[in-house]
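Notes follow once the structure below has been shown.
What follows is calculated from the coordinates using simple rules that are stated; it is not laboratory data. As the structure is a prediction and not an experimental result, all values here were calculated from the model. Counting neighbours? That spans all protein chains shown, and the Cβs are built from the backbone with ideal geometry, glycine included.
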Amino acid sequence: MAVISSFGEVDGQPVIDRDTCTHCGSCAETCPTGVLTMSGDSVLVDVAVTFGCIACGQCMMACPTGSVSVTGRRLSPDQLVELPEPARRASADQLEALFLARRSVRRFRPDDVPAAVVDRVVAAAATAPMGIPPWEVGVIVFRGRPKVRELARDVAHTYAGLLKWMDNRAVMGLLRAFAKRSTYDQFRSFILPLGRDIVAARRSGQDKVLYDAPAALLFHTSPYADGADAFIACTYAMLAAESLGLGSTMIGCAAPPLARRRDLLRKYGVPDRSKPAIVLILGYPVATYVRGIRRPFLAVEDFQDRARRR
């Protein structure tokens, strides 16, 4: 049974070139669903097993002779690329240095971000892992401050409308009575003050939504997307931006009000039934940072150590 996606319940279709296959078993070893298995020195294909072929492409990527091809679920052998040599890949130290240097940037220089740089960020984000292929995440690119300002203005106007019914004692009383304590606390201490700040800033000509950034990426998801997919893709985009000398910040306050406005979803080209998830603002930072911060997790425990303490 195929895993349903936004274009239907369709399996991937793996094909083995028997003339070039060396029966090494690499494709079967990497197949996550068991569609490909080894029987003696032959590769068997059974798309009726478990979830069928999800078109992850692992078999094509692992085959040393290029004897496996997979089509369907928006996958094609034409999408395969040669991997960079190990010497070109970031070391653990280089990767950690990039992570440590990244900051959330909300003040940008006047410079525009060249289209080629934005495109490279988007291309890097497309390499992010997803729950189950194909990609059910889309990206809307806002190039230039006028377009980003228009998006910020629409979000601020939506907040102004929402505050008319959210910002009163009756609503707070209902939340306190029926919502979880953490939901009430977050609404009282963050969401409501944030909405007030956004609206007040817009009235004074300031942008507290997208911070007058010169570029922005709006990630949206289809109803069939894994809930984390857009945020993982956005994280890849954020790190790619850092490597290209850009500052960035994930903006979580823009997507929820946009999702409430069908007129704005149509205006910005969000597909029907898709939902805005997160916005990434991009630009060249004003500040030059000379130090980083190492923040600890809430908790890190070794499960075996904890078990022994009981």
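Fewest Cβ neighbours within 10 Å first, please rank Leu44, Leu83, Leu192, Leu36 accordingly.
Going from least to most buried by this count: Leu83, Leu44, Leu192, Leu36.
Using the Karplus equation 6.51 cos²θ - 1.76 cosθ + 1.60 (θ = phi - 60°), what ³J(HN,Hα) coupling, rounded to whole Hz, does each residue of region 24-40 give in order, writing x for Gly and Pro?
For region 24-40, the Karplus-derived couplings read 6, x, 4, 5, 5, 5, 8, 5, x, 9, x, 5, 9, 9, 9, 10, x Hz, x marking Gly and Pro.
Tell me the relative contact order for the chain as a rounded percent, counting alpha carbon contacts under 8 Å between residues six or more apart.
Working: 466 pairs, mean separation 63.0, N = 310.
Computed over the chain, the figure is 20 percent.
Can you tell me the orientation of helix 169-178 relative to the chain, as the angle in degrees between its alpha-carbon axis and the longest Cα principal axis, to the nearest 10?
Once rounded, the angle reads 40 degrees.
Which of the trypsin sites (Lys or Arg not before Pro) found in region 233-276 are loop residues per DSSP with 13 or fewer other Cβ atoms within 10 Å of their Cβ?
Arg260, Arg273
Can you return the lysines within cross-link range of Lys208? Criterion is Cα-Cα under 27 Å, with same-chain partners fewer than 8 residues away left out.
Straight-line reach from Lys208, under 27 Å: Lys147, Lys164, Lys267, Lys275.
Quick check: the angle from helix 115-125's long axis to the longest principal axis of the chain, C-alpha only, nearest 10 degrees?
For helix 115-125, the angle is close to 60 degrees.
Between the helical axis of 229-243 and the dominant principal axis of the chain, each derived from Cα atoms, what acute angle in degrees is found, rounded to the nearest 10?
Result, in degrees: 80.
When the helices in the chain are scored as -39500 (n - 2.57) per DSSP H run of 4 or longer and the sum is shared across all residues, what 222 nm value do you end up with, to the nearest 500 deg cm²/dmol?
Value at 222 nm, helices only, nearest 500: -10500 deg cm²/dmol.
Please name whichever of Ala254, Leu265, Leu36 sits farthest to the positive end of the charge dipole of the chain, dipole taken about the Cα centre and charges placed at Cβ: Lys and Arg +1, Asp and Glu -1.
Positive-end residue among those listed: Ala254.
Mind checking the full-extension length gain between Asp19 and Arg88? Use 0.36 nm per residue of separation minus the Cα-Cα distance, one decimal, nm.
On the way: separation 69, 0.36 × 69 = 24.84 nm, distance 3.36 nm.
Length difference between fully extended and current span is 21.5 nm.
Non-local amide H neighbours of Thr249 (under 5 Å, H modeled in plane, Pro and chain starts lacking H): which ones?
Val105, Ile281
In Å, what is the Rg of the alpha-carbon atoms in region 13-79, and how long is Dmax?
10.7, 32
Once each part is reduced to its C-alpha centroid, what is the distance from region 108-138 to region 1-59 in angstrom?
What the calculation gives is 29 Å, centre to centre.
HN-Hα J couplings of region 105-114 from phi, Karplus 6.51/-1.76/1.60, θ = phi - 60°, integer Hz, Gly and Pro as x?
Karplus values, whole Hz, x for Gly and Pro: 10, 10, 10, 10, 5, x, 4, 6, 8, x.
Across region 13-22, in residue order, what do the Karplus-derived ³J(HN,Hα) couplings come to in whole Hz, using 6.51 cos²θ - 1.76 cosθ + 1.60 with θ = phi - 60° and x for Gly and Pro?
Residue by residue, region 13-22 yields 10, x, 10, 9, 7, 5, 6, 10, 5, 9 Hz.
Amide H to amide H, which residues 5 or more places from Gly12 or on other chains are under 5 Å from it, using H placed in the peptide plane?
Cys53, Ile54, Ala55
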